[in-house]
Amino acid sequence: MLRGRLVRHTGPHPGLIRFKAVTWRCRRCGGLPTPAPCTCGPFCRYCRHCLALGVLRSCDTLATDPRPLDPPKPARLIPKELTPAQERISSRIEQAIATGSRLLVHAVCGAGKTPMLDRGIETSLRLGKRVLVAAPRTDVVRELARHFEAAFPDADIKVLYGGSSDRLQVGDITISTTHQLFHYYRCFDTVIVDEIDAFPYRFDYRLRRAVRRAAKPGASRILLSATPARLDRLLPVVTLSRRYHGFPLPVPRLHLGYRFDDVKAFILDHPDAPRLLFVPRVSQLDVWQRKLAEVGITAETVHAADPARAEKVERFRTSRGILLATTILERGVTIKNVQVAVCEADRFTESALIQIAGRAGRSTDHPDGDVVFFADDRTNALYGSIDAIKRANRG
Amino acid sequence: MKCLLCAEHFIPVWTPENLFTSQRTCPDCTMKFVKSGECADCGKPGRTLCADCVRWRLKGEKLVTRTLYLYDAAGKDFMRRFKFLGDPVLIEVFRSDLKQVRMKVDWIVPLPLSAERIADRRYNQSALIAKRIRGRKRNPLSRIDLPASSGLTKAEREGRENPFRLERPCAGKRILLVDDVYTTGTTLHQAASVLRAAGAAEVCALTLFRSV
């Protein structure tokens, strides 16, 4: 069943291709290769960017499994209740998938982007088009997988991320991190990319290329984001500026020229709710934890390289504690009745601030939440993010 | 500059000592490697002559080996990436250390790989290390294919057949052998005994790591 997989073996296509008088490029990831000693001679190169997938030299060859894939089977959908606004977007997505065109869905945080895809995917499978749902982050992929496994109980769903058991397989619906797509070439007719503005997808041309190459020529591409970049807004856009529960987004309060006592006051103001504090850097986590400990407040910290990351977030969901986090928790996390503060908010980007503000008030029971930006300096990102949230609330 | 080991950006700090050396790793990654210890013959930390080296000397096979760093977690991770993942550029991490090695020898001899092994790995890691040391490089040895020594116990290692064969005469030469990791020293001693039997005047050795 390992179809559409790229494997290294001797064959007609060289692993790295040479552009005339310019440079070498890695065929697998599109990165610039490095010269290295090799038995083949003094001019051999290898790609360090995708070394984790196995070393690929210019004297090696990269091959694609050319066997055609079986057409996907239509799947039964358990429909979810959608609001009229969601209904409108959903039918636009369905239409784009049916006609094989491109679409950018610009929906605010907590608008319920995932359930809007269901009907589009059902249509796609009915038309015999294989579906790929990709996201740059593993947590988001797991969350998407949970949703689609519930929505399509008898579909062939494969979930791909580093260390998953389905790796290198192709399902009728494939849910994958963008990094896994280096293994696929022209496999999918419908490509849905969630969170296109998330790190590292936004800055990494190799991941964008991987998504492009995983799609068949003429495949329809649906991009989802709450904070799309300028360049992405050139695509046909549909906008949804209401949350699924109909309440407006919490507008962040800006606290300029803050002192530590202000942060402490924020923490003490919400004694019976989970409080999430964002800091700009991993090294700042300890500094803030120590500062809080000095005034008798215990806080947990979480960052990307933390081995106990998933457990800590899971514990925080049900507790009423304080969690200090870096931007890894800026998206894809839903915590009931969470109160959010951003320390040193002048060092965050606009999209990060919008996403962070979107953590608050996501559930119907607690549609509002306190969001405070503590900043020393005024930046365009601060004002831009607050403006964008207010504009979305106006509709 | 981008660190070779962790791919993070860092700003090299210039001081009079490192003005003419290249900094390819960030300060954090550089700090992770621990310099080897006291043993005069192999650099094992602890005593001025470790028990293993005393035994080699009693057998009459003294081989003074200079080891640069200890084979700890950082060293193991380095070797895994450099040798087994196939990232030969990483040798640049130790470029300035190797450049500073000055030994009064005629030949620098990297331990060869067997034909089967080099066809598989495509480069000789010892040759890459030797390349960055000043001096004449020569290859008077060849190696026959035996199962890999990484993963054998100490007794198994010491009882192995000598895989090295002499290809070119080396009589009267002072020779520096170069290898990547010194574990029990058996491989280096086997190569040294072949060279000594062929009439080499003096044999010493250098490795990147000394296992602990």
Review point. Where a ≥ b ≥ c are the square roots of the eigenvalues of the C-alpha gyration tensor, would you call segment A:253-394 rounded, which needs a/c under 1.5, or, failing that, prolate if a/b is larger than b/c, or oblate?
Key: rounded
Check your understanding: Based on the Cβ-Cβ distance of residue A:393 and residue B:119, what FRET efficiency does E = 1/(1 + (r/R0)^6) give at R0 = 60 Å, to the nearest 0.05?
Key -> 0.35
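When you look at the Cβ of every residue in B:89-98, what mean number of other chain Cβ atoms sits within 10 Å?
Per-residue shielding by partner chains comes out at 1.
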Check your understanding: DSSP beta bridges in the protein assembly as shown, what fraction antiparallel, as a percent rounded to 5?
Key -> 20
**Study point:** Separation of the residue A:63 and residue A:283 label points, Cα + 7 Å toward Cβ, nm
**Key:** 4.9
Check your understanding: Averaged over B:113-121, how many beta carbons belonging to a partner chain fall within 10 Å of each residue's beta carbon?
Key -> 1
Check your understanding: What's the angle, to the nearest 10 degrees (0 to 90), between helix A:309-318's Cα axis and the longest principal axis of chain A?
Key -> 40
Exercise for review: Can you tell me the FRET efficiency between residue A:264 and residue B:21 if r is taken as the Cβ-Cβ distance and R0 is 51 Å, rounded to the nearest 0.05?
Suggested key: 0.60
Exercise for review: Could you work out how far apart the two model spin labels at residue B:131 and residue A:99 are, taking each label as a point 7 Å from the Cα in the direction of the beta carbon, and quote it in nm?
Suggested key: 5.7
Revision key, fill the gap. Residue-ordered couplings for segment A:112-125, obtained by feeding phi - 60° into the Karplus form 6.51 cos²θ - 1.76 cosθ + 1.60 and rounding to whole Hz (Gly and Pro as x), are x, 5, 5, x, 5, 7, 3, 5, x, 5, 4, 4, 4, 5
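Taking the Cβ-Cβ separation of residue A:165 and residue A:205 as r and a Förster radius of 35 Å, what is the calculated FRET efficiency to the nearest 0.05?
Using R0 = 35 Å, I get an efficiency of 0.70.
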Point to revise | Pair residue B:139, residue B:102: separation of 7 Å Cα→Cβ label points (nm) | key: 3.0
Revision key, fill the gap. The lysines whose Cα lies under 22 Å from the Cα of residue B:32, excluding any fewer than 8 residues away in the same chain, are B:2, B:44, B:76, B:83, B:99
Review point. Can you tell which of B:135, B:43, B:172 shows the greatest fluctuation in a Gaussian network model of chain B with Cα springs below 10 Å?
Key: B:172
Review point. Roughly how tilted is helix B:186-197, in degrees to the nearest 10 and between 0 and 90, from the longest Cα axis of chain B?
Key: 50
Review point. What order do you get for A:351-358, A:121-128, A:96-103, B:180-187 when each peptide is scored by the mean count of other beta carbon atoms within 10 Å, highest first?
Key: A:351-358, B:180-187, A:121-128, A:96-103
Check your understanding: Which one of A:239, A:325, A:168 is farthest out on the positive end of the charge dipole of the protein assembly as shown, using unit charges on Cβ (Lys, Arg +1; Asp, Glu -1) and the Cα centre as origin?
Key -> A:168
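Of the listed peptides B:74-83, A:62-71, A:45-54, A:104-113, what is their order by residue-averaged count of other C-beta atoms within 10 Å, with the highest listed first?
Descending packing order for the listed peptides: A:104-113, A:45-54, B:74-83, A:62-71.
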Review point. When the label point is put 7 Å from the Cα of residue B:72 along its Cα-to-beta-carbon vector, which residues of segment B:1-45 have a backbone N closer than 13 Å?
Key: B:29-37, B:45
Revision key, fill the gap. Under a Gaussian network model of chain A whose springs join Cα atoms within less than 10 Å, the largest fluctuation of A:314, A:94, A:300 belongs to A:314
Review point. Pick from A:139, A:156, A:262: which residue has the top mean-square fluctuation in a GNM of chain A where Cα pairs under 10 Å get a spring?
Key: A:262
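Using only DSSP helix segments of four residues or longer, with each worth -39500 (n - 2.57), what per-residue ellipticity at 222 nm results for the protein assembly as shown after dividing by its residue count and rounding to 500?
Taking each H run of at least 4 residues, the total per residue is -8000 deg cm²/dmol.
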**Study point:** Ordering of B:93-100, A:275-282 by packing [mean C-beta count within 10 Å, highest first]
**Key:** A:275-282, B:93-100
Exercise for review: No other cysteine beta carbon under 4.7 Å away is the test; run it over chain A and list who passes.
Suggested key: A:109, A:187, A:343
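Which length gain, in nm to one decimal place, applies between residue A:256 and residue A:233 when the Cα-Cα distance is subtracted from 0.36 nm times their residue separation? Could the numbers behind the result be given before it?
Working: separation 23, 0.36 × 23 = 8.28 nm, distance 3.13 nm.
Net length gain for the segment: 5.1 nm.
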Exercise for review: Using 0.36 nm per residue of separation minus the Cα-Cα distance, give me the extension gain between residue B:28 and residue B:81 in nm, one decimal.
Suggested key: 17.3 nm
**Study point:** Angle in degrees between helix A:84-99 and the longest Cα principal axis of chain A, rounded to the nearest 10
**Key:** 10
Practice item. Calculate I(q)/I(0) for chain A by the Debye formula, one identical point scatterer on each C-alpha and no solvent, and give its log10 at q = 0.13 Å⁻¹ to two decimals. Key: -1.12
Revision key, fill the gap. All alpha-carbon distances of chain B, grouped into 10 Å bins from 0, give the whole-percent distribution 8, 33, 38, 17, 4, 0
Check your understanding: Hey, what did chain A get for relative contact order, percent, Cα under 8 Å, at least 6 apart?
Key -> 15
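A short reminder: the numbers here are calculations on the coordinates, not readings from a lab. Just so you know, these numbers come straight off a predicted model, no measurement behind them. Heads up, the Cβs are rebuilt from the backbone with ideal geometry, glycines too, and the neighbour counts pull from every protein chain shown.
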